[in-house]
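Every number in this text was worked out from the coordinates using simple rules, so none of it is lab data. Computed from a predicted model, the values in this text were never measured in an experiment. In this analysis, Cβ positions are derived from the backbone assuming ideal geometry, glycine residues included, and neighbour counts consider all displayed protein chains.
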Amino acid sequence: MHQRALYNAVKTPKLIVLLGVALCLLASCSQNATTSKNVFSYNEATGIATLDPAFAKNQSIMWAVHQMYNTLVEIDSNLNIVPSLAKSWEVSEDRKTYRFHLRTNVFFTNDDAFKGGTGRQMVAADVAYSLGRIIDKTVASSGAWIFNGRVDSVMPFVVINDSTFELRLQRPFHPIMGILSTQYCSVVPKEVVEKYGKDFRRHPCGTGPFTLKSWDEGEAMILHKNKNYWEVDTAGVRLPYIDAVKINFFDNKATEFLQFRQGKLSFVNDIDASFKDEILTKNGTLRKDWEGKINLLKHPYLNTEYFGIVVDINNPITKGAATSNKLVRQAMNYAINKKQLMMYMRNSIGIPAQAGFVPAGLPSNNVDYVKGYTYNPAKARELLVAAGYPGGKGLPTTKLLTVAIYADIASFAAKQMEEVGIPVQVEVIQKSLLLEQTAKSAALFFRASWIADYPDAENYMAMFYSKNPAPPNYTRFKNAEFDVLYEKALLETRDSVRYELYRAMDQLVINEAPIIPMWYDMAIHLVQPNITGFKPNALNLLELRHAKLPN
């Protein structure tokens, strides 16, 4: 899970330009930190905490890690599993053993930990070691949950020979291939990890298209092209095409946009709320005076933005809470006009969540089958009467925790809930504190998002399986009927039946209302018109292998 959204500062477009010019004079406007001609530059406003794949828990880390590492398999633009470090694989008849045949032309980048400082060949032992790190309690990987209760408890990762690796499961688990495509499962070399210990976060060594050149944590990160990268395009040309990547760390979105307009950033991810109306119409298209100057790329991607509600009756924070009553939670869902919110506060960037929790784009097609909540304030008031709170009389105030960039959206929702009689108070806290409180189930009502780690509806349903901790079960939802359906789906080999089970689970969650789905997200990029081969994707993963800049 991680957070992404339009930033909600309040500035006029003219003020942005004036402020940006001043900031540009204070901060270095020069982007010539590398002598390469083809440098792809972007900004990461939240910074990058680590380059260790075992801790690739949010978008900023995932994007950087993806440039330097590979996984056994990856997801293509159509959400299909395709080869990467593994060129082929077989699955046993009982679907509990996956045998992977590895490429033999893949080498780690150079590092002093290797003999002579020269990167060595990647072998099956590296895969076993890398996946083993994820479940090693001493490592404390934030991705440990991906193998929880799924891989064999005795010999999960087995080396057959240098080019053959086996993954063994406790029981069949259809989404396992998608899990292996996540950045957590990037392949790392043992000797490099052991040489640097905890400082491996600053000394990445992978098999990916780029390698770390420099990292000034307060200023910028420079990646150089891996000249020995193993992958080639359909014409046999070695990837990547560009020479370097520069990642800036401007925390001011006005500065970021000014840098983009001056041609010093290749693209901008998302559009700041302070100038979205200057660039976009309410329907989410480019205004005419921007046409030809920048390219707007939009693509639905697998992320659901929502408000979560802790529903564990044994948790002290639920005692006496308005949200302990299912009818009140349902009323909260009916009270919010999501279509209006999307048009006026997000310029139609995203799809109002009026079906289930699972977004569009997955083969189970939940959005066409699951009946969610539409805007119906009259129905919300009826539910409050049925709950014993006519007009909201007697309802205690519920505190909604959010981060600053979502404050306006949270306030919009709170106002609409108050209009039907549900008092809600918005409290803005630091992102790190919100993540900490939701992980400890200490936040009763909170804003959150869930980006698919792999393209299967199971990844969303895992958030409500009672045997899962937080993460991913942040609401501490527990329902015996749901658990039966979930466990049945894990064993089901027929896709059509498994999809029906996913939809049944999604409908059950929606009916119980431990969440208020707000919108199914959309990746939106402003891109310089001279850049080609750079496209958004359903996982919103930064893909630069095929990006091209003019010479």
Exercise. Which lysines does residue 195 reach when only Cα atoms under 22 Å apart count, and residues fewer than 8 places away in its own chain are ignored?
Worked result: 115, 137, 213
For this session: Would you mind checking 253/319; 96/225; 198/225; 87/264; 225/339; 57/393 for any pair whose Cα atoms are more than 32 angstrom apart?
Result: 253/319; 96/225; 87/264; 225/339; 57/393
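Pulled fully out, how much extra length does the chain show between residue 371 and residue 297, if you take 0.36 nm times their separation in residues and subtract their Cα-Cα distance?
Working: separation 74, 0.36 × 74 = 26.64 nm, distance 3.00 nm.
Roughly 23.6 nm would be gained on extension.
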Exercise. In Å and whole numbers, how far do the C-alpha atoms of the stretch 382-449 stretch along each principal axis, longest first?
Worked result: 38, 25, 18
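Among 294-303, 500-509, 483-492, how do they line up by average Cβ neighbours within 10 Å per residue, starting with the highest?
500-509, 294-303, 483-492
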Exercise. Cross-link list 326/488; 282/371; 282/338: which exceed 18 angstrom alpha carbon to alpha carbon?
Worked result: 326/488; 282/371
Problem set entry | Base-10 log of normalised Debye intensity for the stretch 301-522 (one unit scatterer per alpha-carbon) at q = 0.16 Å⁻¹ | -1.11
Exercise. Each residue of the stretch 345-352 in turn: what ³J(HN,Hα) in whole Hz from Karplus with 6.51, -1.76, 1.60 and θ = phi - 60°, glycine and Pro shown as x?
Worked result: 10, 10, 6, 6, 8, x, 10, x
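Output the relative contact order of the stretch 73-196, whole-number percent, from Cα pairs under 8 angstrom with separation of 6+ residues.
29 percent
Let's see if you can work this out: charge +1 on each Lys and Arg Cβ, -1 on each Asp and Glu Cβ, no other charges. What is the dipole magnitude of the stretch 180-327 about its Cα centre, in debye to the nearest 20?
Numbers: 21 positive and 19 negative charges, 27 e Å.
Dipole size: approximately 140 debye.
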Exercise. Percent relative contact order of the stretch 415-495, based on C-alpha pairs within less than 8 angstrom and at least six residues apart?
Worked result: 19 percent
Problem set entry | Extension gain (nm, one decimal) between residue 480 and residue 120, 0.36 nm per residue minus Cα-Cα | 124.5 nm
Problem set entry | Dipole of the chain, positive end: most advanced residue of 446, 205, 275 [Cβ charges, Cα centre] | 275
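Roughly what % of DSSP beta bridges within the chain run antiparallel, to the nearest 5?
On the way: 56 of 69 bridges.
About 80 percent, rounded to the nearest 5.
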Exercise. With θ set to phi - 60° and the Karplus curve 6.51 cos²θ - 1.76 cosθ + 1.60, what are the ³J(HN,Hα) couplings of the stretch 360-372 in order, to the nearest whole Hz, using x for Gly and Pro?
Worked result: 5, x, 9, x, 5, 6, 4, 4, 8, 10, 8, 8, x
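Quick one: in the stretch 314-406, what % of C-alpha pairs are over 20 Å apart?
Working: 2194 of 4278 pairs.
That tail contains 51 percent of the Cα-Cα pairs.
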Problem set entry | Distance-filtered residues of the stretch 273-294 - backbone nitrogen under 15 Å, label point 7 angstrom along residue 343 Cα→Cβ | 281-285
Problem set entry | Surface/4 estimate of mean projected area, convex hull on alpha-carbon atoms of the chain, nm² | 25.7 nm²
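What length, rounded to one decimal in nm, is gained on full extension from residue 91 through to residue 415, with 0.36 nm per residue of separation minus their alpha-carbon distance?
Values: separation 324, 0.36 × 324 = 116.64 nm, distance 5.29 nm.
Net length gain for the segment: 111.3 nm.
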Problem set entry | Counted charge near residue 389, where neighbours are those whose Cβ lies closer than 12 Å (Asp, Glu -1; Lys, Arg +1) | +1
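Kindly state, to the nearest 0.05, the FRET efficiency for residue 233 paired with residue 164, given R0 = 22 Å and r defined as their beta-carbon distance. Present the calculation step by step, with values, prior to reporting the outcome.
On the way: r = 27 Å, r/R0 = 1.25.
Result of the calculation: an efficiency of 0.20.
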Exercise. Rounded to the nearest 5, what % of the DSSP beta bridges within the stretch 301-522 are antiparallel ones?
Worked result: 65 percent
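At a threshold of 8 angstrom on Cα-Cα distance, excluding pairs fewer than six apart, so keeping six or more, what relative contact order does the chain reach in percent? Walk me through the numbers on the way to the answer.
Details: 1137 pairs, mean separation 109.6, N = 551.
Averaging sequence separation for qualifying contacts and normalising by length gives 20 percent for the chain.
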For this session: Report the calculated FRET efficiency for residue 107 and residue 431 (r = Cβ-Cβ distance, R0 = 35 Å), to the nearest 0.05.
Result: 0.40
For this session: Report the local net charge at residue 374: Lys and Arg +1, Asp and Glu -1, summed over other residues whose C-beta lies under 12 Å from its C-beta.
Result: +4
Problem set entry | Net charge dipole size for the stretch 252-307 [Lys, Arg +1 and Asp, Glu -1 on Cβ; Debye, nearest 20] | 180 debye
Problem set entry | Net charge contributed by nearby residues that have their C-beta within less than 15 Å of residue 505 (K/R +1, D/E -1) | -3
